[in-house]
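Engineer: This structure is in structure tokens; I'll ask about it shortly.
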Amino acid sequence: MADDGLAANPEDGSKDDQKMIVFGVPYSTTKDGFREYFAQFGELMECELMFNREGRSRGFGFVLYKDDALNKQCLGMQHMLDGRSLDVKLRDSQNHGRGEG
């Protein structure tokens, strides 16, 4: 059975360790606008803007490109969406130094 990276497990570290979290997304940004912005850089494997129960944006989302080089390129860029600067980081980097104690 071939491993295509589409069913990435957090424990196996395949593609999941390259998933990026995007902070600072304007509340007015739609899921389509979020996807269109990140799709301009390459083919997306995953792109999700998070919403609360009332359907309002929570101001962050997740992005993962099919091409590993695009993930690295995206991390090194400055991003502006709907007039706001976005903070793009590796998803797992937010947990470093937390949860100990």
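Engineer: Considering (1) modelled with pLDDT of 95 or more; (2) under 13 Å from Lys31 (Cβ atoms); (3) in a loop (DSSP other than H, G, I, E, B); (4) not β-branched (Val, Ile, Thr), say which one Gly61 fails and leave the rest.
Structural biologist: Going through the list (1) modelled with pLDDT of 95 or more; (2) under 13 Å from Lys31 (Cβ atoms); (3) in a loop (DSSP other than H, G, I, E, B); (4) not β-branched (Val, Ile, Thr), Gly61 breaks only (3).
Engineer: Val25 passes all but one of (1) among the hydrophobic types (A, V, I, L, M, F, W, C); (2) out of contact with any Leu (no Cβ under 6 Å at 6 or more places or on another chain); (3) outside any loop (DSSP other than H, G, I, E, B); which number fails?
Structural biologist: The number of the failed condition is (3).
Engineer: Would you be able to say whether some residue in region 18-31 is surrounded by 14 or more Cβ atoms within 10 Å (Cβ to Cβ), hydroxyl-bearing (Ser, Thr, Tyr) and under 17 Å from Lys89 (Cα atoms)?
Structural biologist: no
The values are calculated or read from the model by the stated rules, or taken from the named source; none is laboratory data. What you see is a predicted model; the values in this text were computed from it and never measured. Here the Cβ is made from the backbone with ideal geometry for all residues, glycine too, and neighbour counts use every protein chain on show.
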